[in-house]
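J.: Could you have a look at this structure, given as structure tokens, before my questions?
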Amino acid sequence: MKYDLGRLTSDGLEAADAEEQAPPADADRRLAFLRLDEKDAETLRGMLSEFERWADDFVDEFYRHLLSFDETARFLQSADTIAWLKRAQRDHFESMLDAHWNDAFYKQRHRVGSAHAEIGLQPHFFLGAYNEYVRYSFDRLAEEHAGDVEKFKNQTLSLLKSIFFDIGLTLDAYFAQSTRNLRQALDMYWRANIELRQFAQLTSHDLKTPLATVANLCDEALDESGEQMPVSAKELVTAARDRTFRMSRMIDELLAGAVTLGDGADESISVQAALDEALETYGALLAERGIELQIRGPLPVVRGQKPHLREVFGNLLSNAVKFIDRRPGKLVISAISGRGTCELIVADNGPGIPPEDIDRVFVPFRRLAMHKNRPGSGLGLYFTKNLVMQLGGRIWVRSEAGRGTEFHIELRAA
């Protein structure tokens, strides 16, 4: 992630003013809940002179701490930025002790929380500043009031109340900004999704046009020369025409699935029927590769969209064709019924997956080292996972190197 520390400079914080919210409506209630009152304010203001004596030492030590970690040091490269941040840090804690809970105080907390969210800095990094402040302050207060336990207790308790109040305000602004960022990202996602559906509709037309041409040519050949064709040739032309029609229907179904995605429309699907349709494409390839397919027990009926489930099986069958390297190969499909769910298991006797690669199986464009010389884009299992999620289910993998692989798919029972 690239961090833009410009958002934390004075210019960046001033730019955030336009997005500032009014002080929280429950500010007084928060103060009351923490029992943070005027007596605490007087105690805190009485600590200002002590803070002045050691504030510079504190911020210097704190930034040495930040620079000792790679994840924070990498965006603290500029000496000018560090110097500005040190001053801002000192001013922030000084305003906590000043204990004037007015509009300026609330606006400053809002700016800090929003700016940290805007640059993508996670909360635990700036919460660490409060932690360091507590640690350093308590050590100093204990030294200065070693003989006065009551004063030490009163000061540290008032300081903790002020810090908790401050953290709550800052995190409110942090999460409000993060929520805005998330909404913007979701807006972009839905706009892209609409554009993708429009693209799918246009592409489906472009795909179906040549298919229709091929089907018409097959029909013309059968009408004009069917009687003169050898029986085997006529069968091949008929099969080509039927496959073309089937491909056209498949495009329609996939497009319908894409357009209705998110509408909640689904139906009862025979898992066996969806598998049979996938085998129309991949059955011959499995036989050609010497892979035996076994279906153990009846397969259930589930809820979802049939084109999606057919594509799930298609991707898994395609994987088997590509990667099962034993002869004879074996692919076993079985099912376990649960309460409201069904678990499908697709197991093979292929090479398996090393433990260190299990987490990468469903990552797009990430191909396993053992498969780098095999054809493929690295997207098959990524699409499979998305399809299963669209069906309202989940998918995971179990495997051992040299002992085959099992894909487990949990779907809603019909």
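The values are calculated or read from the model by the stated rules, or taken from the named source; none is laboratory data. This is a predicted model, so every value here is computed, not measured. When we count neighbours, we look across all protein chains shown, and the Cβ atoms used for this are built from the backbone with ideal geometry, even at glycine. Just the protein is used for accessible areas: all its heavy atoms, side chains included, with ligands, DNA and RNA removed. Shrake-Rupley method; radii C 1.70, N 1.55, O 1.52, S 1.80 Å.
J.: Give me the accessible area of TYR382, 1.4 Å probe, in Å² rounded to the nearest 10.
T.: In the full protein context, TYR382 sits at about 80 Å².
J.: Further question on the same structure: Highest first, please rank the peptides 146-153, 42-49 by the mean number of other Cβ atoms sitting within 10 Å of their residues. Each step should come with its number before you reach the end.
T.: On the way: 146-153: 11.0, 42-49: 15.2.
Going by the mean number of other Cβ atoms within 10 Å, highest first, we get 42-49, 146-153.
J.: Continuing with the same structure: Could you give the distance between the Cα centres of segment 107-177 and segment 40-106, to the whole Å?
T.: 10
J.: Shifting gears a bit: Mind ordering 266-273, 354-361 by average Cβ neighbours within 10 Å, highest first?
T.: Working: 266-273: 16.5, 354-361: 14.0.
Highest-to-lowest ranking by the protection proxy: 266-273, 354-361.
J.: Would you mind putting 300-313, 337-350 in packing order, based on average other-beta-carbon counts within 10 Å, highest first? Walk me through the numbers before you get to the answer.
T.: Details: 300-313: 22.7, 337-350: 16.6.
Per-residue Cβ counts within 10 Å, averaged per peptide and sorted highest first, yield 300-313, 337-350.
J.: Setting aside same-chain residues fewer than 8 positions from LYS86, which lysines have a Cα under 21 Å from its Cα?
T.: Once the sequence-local lysines are set aside, what remains near LYS86 is LYS107.
J.: Still on this structure: Please grab the % of Cα pairs in segment 282-341 that end up more than 17 Å from each other.
T.: On the way: 846 of 1770 pairs.
Result for the distance tail: 48 percent.
J.: Turning to a different aspect of this structure: What is the Cα centroid distance between segment 298-351 and segment 223-245, reported in whole angstrom?
T.: Using only Cα atoms, the two centres lie 33 Å from each other.
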